[in-house]
Amino acid sequence: MTRLVAWTNRLYWVVCGGLILLTAGLAAERHLRRLTTDLVNPALAQVSEEVSGERRELDELREQVKQLAAKPDPVETPAPTPVVTKLRETAVSQAAGPTPAAVSAAKVAGPVNINLGTKEQLMDLPGIGASYAEKIIAGRPYASVDELTKVKGIGEKTLAKLRDQVTL
């Protein structure tokens, strides 16, 4: 019987402790909810008001831009004179750059050293594109110009075109 009383006593304290923890947890939850509603909700309301105010300002600016865009241009431009037309044509042709013939004539100013030339310099040579320029660079060093025929794709005909434009 004493064991039954001891177990009942222990059970009583365990249930009481559980109830105390449950009550404390509920109280803490209520306190947390109150903090949320008292602190967070007013801050959210303030931010929401600021954002809606900025949206109104943005909508007003958009409307003003639409109104300004709908108005005709107040300044009328006069018809261009022949001098203005010639200046525009000159500016357009200069902006377009030199013609391809002028570029190819100006590309090779002197012989290109096949052992030291850059990829771009090699690509300026007739019949040499990016892949051939890379192959030439990969095959360095060359003891003579004739060794260019060892580069796959460069034969005697291509070498004949290049002979006066390359050096060591």
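The single residue among 126, 98 that is surrounded by 10 or more Cβ atoms within 10 Å (Cβ to Cβ), outside any helix (DSSP H, G or I) and at pLDDT below 70 turns out to be 98. Provide a single number: the residues in the range 132-144 that are surrounded by 11 or more Cβ atoms within 10 Å (Cβ to Cβ) and of a type outside the set (Phe, Trp, Tyr). Of the residues in that region, 7 qualify. In the range 42-91, the qualifying residues are those that are polar (S, T, N, Q) and either outside any helix (DSSP H, G or I) or in contact with a strand residue (DSSP E or B) (Cβ under 8 Å, 6 or more places away or on another chain) (or both), and the one that is modelled with the highest pLDDT is 81.
The values are calculated or read from the model by the stated rules, or taken from the named source; none is laboratory data. These numbers were taken from a predicted model, which means no experiment stands behind them. Glycine gets a Cβ as well: all are built from the backbone with ideal geometry, and neighbour counts include every protein chain shown.
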